[in-house]
1. Looking at Ala31, Ala35 in this structure, which one is closer than 23 Å to Phe97 by Cα, modelled with pLDDT under 85, exposed (fewer than 15 other Cβ atoms within 10 Å of the Cβ) and touching a Phe, Trp or Tyr at 6+ places or on another chain (Cβ under 9 Å)?
2. Is it the case, given these coordinates, that Leu14 is part of a helix (DSSP H, G or I) and modelled with pLDDT of 85 or more?
3. Any residue at all in region 59-79 that's at pLDDT below 90, among the polar types (S, T, N, Q) and in contact with a Pro (Cβ under 8 Å, 6 or more places away or on another chain)?
4. Pull out all pairs, ordered by first then second residue, where Cβ-Cβ is under 9 Å, the residues are six or more apart or on different chains, the first lies in region 167-180 and is closer than 19 Å to Leu99 by Cβ and in contact (Cβ under 8 Å) with a residue 40 or more places away in the chain, and the second is open to solvent by less than 100 Å² (accessible area, probe 1.4 Å) and among the charged types (D, E, K, R).
Amino acid sequence: LLIVTTILAFTLALRHGPPTALMGLIGGFAAPWVAGLGPDNVPVLLLYLGVFLAGLFGLALWRRWLWLLLLASGGGALWTIGLIFTAESALPLLGLFVLAAGGAAVLVGDRFIGSDPRLEAMARYAPMAMALVQLAMLLQQLQFSWIGWGFYGALSAMAIALAWRDERHLPSLFAALLLCLMPLAAGWDSQASRVMMIAAS
């Protein structure tokens, strides 16, 4: 029912424009909370958020609404940050979701050419930065394990590939390097393997 309602909101937004899209955005992100989804239902919640974000990204690209892409990325980040601190299970699934959502937002943002330069810059850097921050925060919850570093490494590799293709993405590469220092410093004196921490650095 949540997904059907979301699709209906997107359909109306195509016809009635930004105000309806904004209402659908707010309602869509509030719907899981109203339905009682939360830390105890992480897989179901992430499934809904994945479908919802895919719809938002598609609508933003179809209508050339860069502002919608940015708001969607921010709303998704708020949900996942909340889950990072409250969920006690399915944390690897949460890391995979952050990796996929952040990467998708960056790739969709690259498709906007000729828009407001300031919004273009935000779409280029903000989703990647938010995803990197979330994965750095998740590392501690995953006890600095290999899987946590794997997610961070995969997103960092994406930043390297984007910077190799387009030098405008270089700031994302430097952000990945700098943000890597935060979990390294936090986990150095923990019970995590020193070999693993050295390899991650």
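The values are calculated or read from the model by the stated rules, or taken from the named source; none is laboratory data. Because the structure is a prediction, the values reported are computed rather than measured. Cβ: placed from backbone, ideal geometry, glycine included. Neighbour counts: every protein chain shown. Note: areas computed on protein heavy atoms with side chains; ligands, DNA, RNA excluded. Shrake-Rupley method; radii C 1.70, N 1.55, O 1.52, S 1.80 Å.
1. That would be Ala35, the only listed residue that is closer than 23 Å to Phe97 by Cα, modelled with pLDDT under 85, exposed (fewer than 15 other Cβ atoms within 10 Å of the Cβ) and touching a Phe, Trp or Tyr at 6+ places or on another chain (Cβ under 9 Å).
2. Details: part of a helix (DSSP H, G or I): yes; modelled with pLDDT of 85 or more: no.
Criteria not met by Leu14.
3. Among the residues of region 59-79, not one is at pLDDT below 90, among the polar types (S, T, N, Q) and in contact with a Pro (Cβ under 8 Å, 6 or more places away or on another chain), which makes the answer no.
4. Filtered contacts from region 167-180: His169/Asp110; His169/Arg124; Ser172/Arg124.
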